[in-house]
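Worksheet: the structure to be examined is printed underneath.
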Amino acid sequence: MQWILNFLTSSIGKKFVMSFTGLFLISFLIIHLIGNLQLLYSDGGEAFNKYAYFMTSNPLIKTVSIGLYTGILLHAFLGLAIYFKNKKSKGKKYAVSTSANASFAAKQMALLGTLILAFILIHMGDFWFKMKFTDQIIPVDYDGMQVKDLYAQVSTTFSKPFFVGIYILGMIALAFHLWHGFQSAFQTLGLNHKKYTPIIQGLGKIFSILVPAAFALIPILMYLNR
Amino acid sequence: MQLKLKVWRQKNAKTNGEFQTYSVTASEHMSFLEMLDVLNEELISKKEDPIAFEHDCREGICGTCNLVIDGRPHGPMQGTTTCQLHMRSFKDGDTIVIEPWRAEAFPIIKDLVVDRSAFDRIIQSGGYISVNTGQAMDGNAIPVEKDLAIKAFDAATCIGCGACVAACPNGSAMLFTAAKVSHLGLLPQGKVEHTKRTRSMVDQMDKEGFGNCSNVGACEVECPKEISIENIARMNRSYVAAVFGSDE
Ligand code: HEM
Ligand code: SF4
Ligand code: FES
């Protein structure tokens, strides 16, 4: 079994973990976005609240979400560990820094990731924590079904310009992280090909703009329509 | 042309270095190293310590002329070693900053000269073919697909200079190691030991303290031989194949 440990601590093995967890988080983003777009229905939040209830009570989804929390933590802590190891390997920096050979996003993955982590903590503290561990979110009644009115909580949050700003900044950080990360994950796995790599890179750029923009649109529209 | 140089001077690995400023008169037909030769002659005639920098072939094939010029390994010209860089790439009155390769695994010996023996140890760990490959005519008798021959040859042009490590913000040696792995592994004679070779070379690379690749791609941009990061993907594939597909 030593070989598994050796692999996971090798430079390439660590990167495989980063890549798999990164791709897993990307797949989560898609599901999360589709669910959240229900916030924009003009039904007073019924569809969204029922969806939120389903997501917090369904045993299968509860199991998957444990995988998700582990994935985020693994990705974040391993990412930061790699960052510090790499800083040490680089040693002294050059007196003249150049932007001629690398993109901002590629060089700042750890900074962008830390911003995303801060965003996730604020985001989960405001919704997930209150939903799961407090009685702050008051239930509503849909045809005899008692469901916590998360929609009301979301609306309150997004009526404050400060929070709308935080969400926009969080999504900008995510966009840059994915600008480099999406295609990088495939390269890490060794999936580089003359014909397919340009397609993956193109899709990555589209994804990294569209998905964070769609996420950011939710607080903006809810703020404007409050 | 009149130039101002800011050059990193450092006595040895243990002392702290610092930049020193020099003025030099050069002609735009000189190579970058010839310009430094002119400056060194002046320093010697003034009984000062000449600037230590490495050089050998001066025709772009040995990989020793390693300088970071204005923040870029081998200077501003794409696909060019420092010895092949000419002063016509600069303007009269320019200030040029010259630094050594920076990486934990490449400690400074003196001034602009670094110790790249970590690369030698990576090669020693598997960068060779130990099966009998016969005489030259035997090589010609084995058919090699044109596409693979080109890829192997492209990888074989790596001169082991270390600009990839110098350019990498993570101090990673993936491009160098991947070039060697691809160069040997794509050809029939090298294929036999390919996965085993990949594994031991990557393990040695890690042991030397090089950083972990984040696919930044600066290596590929600065490599004087324009080695592609496609080779890194190939190495990642065969490393995983070696770990999961072998008995060890
Ligand atoms: C929804 C959130 C996130 C997504 C979708 C995501 C996605 C990705 C992807 C796809 C990669 C590329 C992996 C590779 O190059 O193989 C990556 C790299 C990275 N991520 Fe994230 N990430 C997220 C959150 C975070 C967080 C919270 C951190 C925390 C600090 C973080 C830190 C990093 C770092 C440092 C890297 C570079 C690792 C390296 O190249 O060695 N990420 N991310
Ligand atoms: S891959 Fe390029 S930059 Fe790296 S050692 Fe070889 S020739 Fe030099
Ligand atoms: S001196 Fe040999 S490559 Fe420049």
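The values are calculated or read from the model by the stated rules, or taken from the named source; none is laboratory data. This structure is a prediction, so every number in the text was calculated from the model and none was measured. Heads up, the Cβs are rebuilt from the backbone with ideal geometry, glycines too, and the neighbour counts pull from every protein chain shown. Each accessible area value is taken on the protein alone, full model and side chains, heavy atoms only, with ligands, DNA and RNA left out. Shrake-Rupley method; radii C 1.70, N 1.55, O 1.52, S 1.80 Å.
Details
- Rounded to the nearest 10 Å², the accessible area of residue B:240 at probe 1.4 Å: 30
- Computed magnitude of the charge dipole of region B:80-176 (debye, nearest 20; Cβ of K, R +1, Cβ of D, E -1): 60
- Ranking A:120, A:209, A:8 by Cα position along the charge dipole of the protein assembly as shown, where only Lys, Arg, Asp and Glu carry charges on their C-beta atoms, puts A:120 farthest toward the positive end.
- Evaluating 6.51 cos²θ - 1.76 cosθ + 1.60 at θ = phi - 60° for every residue in region B:132-146, the Karplus couplings come out as 6, 9, x, 8, 4, 5, 5, x, 5, 7, 8, x, 10, 4, 3 Hz, glycine and proline recorded as x.
- Euclidean distance between Cα centres, region B:173-207 to region A:59-80, Å: 34
- GNM flexibility winner over chain A from A:210, A:178, A:150 (Cα, springs under 10 Å): A:210
- Rounded to whole Hz, the Karplus (6.51, -1.76, 1.60) HN-Hα couplings of region A:156-173, x for glycine and proline: 4, 4, 7, 9, 9, x, 4, 5, 4, x, 4, 5, 5, 4, x, 6, 5, 4
- Solvent-accessible surface of protein heavy atoms, probed at 1.4 angstrom with all chains present, puts A:163, A:129 in the order A:129, A:163, largest first.
- Within region A:137-167, backbone nitrogen closer than 18 Å to the virtual label 7 Å beyond the Cα of residue A:41 toward Cβ: A:140-155
- Euclidean distance between Cα centres, region B:55-105 to region A:1-48, Å: 43
- Heavy-atom accessible surface of residue B:125, to the nearest 10 Å², is about 30 Å², with a 1.4 Å probe and all protein chains retained.
- Largest to smallest accessible area among B:59, B:99, B:230 [probe 1.4 Å]: B:59, B:230, B:99
- Partnerless cysteines, meaning none of the other Cys C-beta atoms lie under 4.7 Å away, in the protein assembly as shown: B:158, B:161, B:168, B:213, B:223
- Ordered from largest to smallest accessible area (heavy atoms of protein chains, 1.4 Å probe), the residues B:102, B:237, B:72 come out as B:237, B:72, B:102.
- R0 of 51 Å, Cβ-Cβ distance residue A:220-residue A:8: FRET efficiency to nearest 0.05: 0.80
- Pairwise burial A:B, computed as accessible area of each alone minus the pair, summed, 1.4 Å, Å²: 3300
- Shape class of region A:2-224 from the alpha-carbon gyration tensor: prolate, with a/c at 1.5 or above and a/b greater than b/c.
- Solvent accessible area, Å² - residue B:4, 1.4 Å probe, full protein context: 100
- Of the three principal axes defined by the Cα atoms of chain B, the extents in descending order read 62, 38, 31 Å.
- Estimated from helices alone, the mean residue ellipticity of chain A at 222 nm is -25500 deg cm²/dmol (sum of -39500 (n - 2.57) over DSSP H runs with n ≥ 4, per residue).
- Shape category assigned to the protein assembly as shown from the gyration tensor of Cα positions, a/c cut at 1.5: prolate
- Anisotropy class of region A:1-101 from Cα gyration tensor, a/c 1.5 cut: oblate
- Per-q log10 I(q)/I(0), region B:2-110, q = 0.18 Å⁻¹ (Debye; single scatterer per alpha-carbon; no solvent): -0.92
- Divided by 2.2 N^0.38 Å, where N counts the residues, the Cα radius of gyration of region A:147-226 comes to 1.45.
- Here chain B is treated with +1 on each Lys and Arg Cβ and -1 on each Asp and Glu Cβ, and its dipole about the Cα centre works out to around 320 debye.
- For region A:2-224, the dipole from Cβ point charges (+1 on Lys and Arg, -1 on Asp and Glu) about the Cα centre works out to 1560 debye, to the nearest 20.
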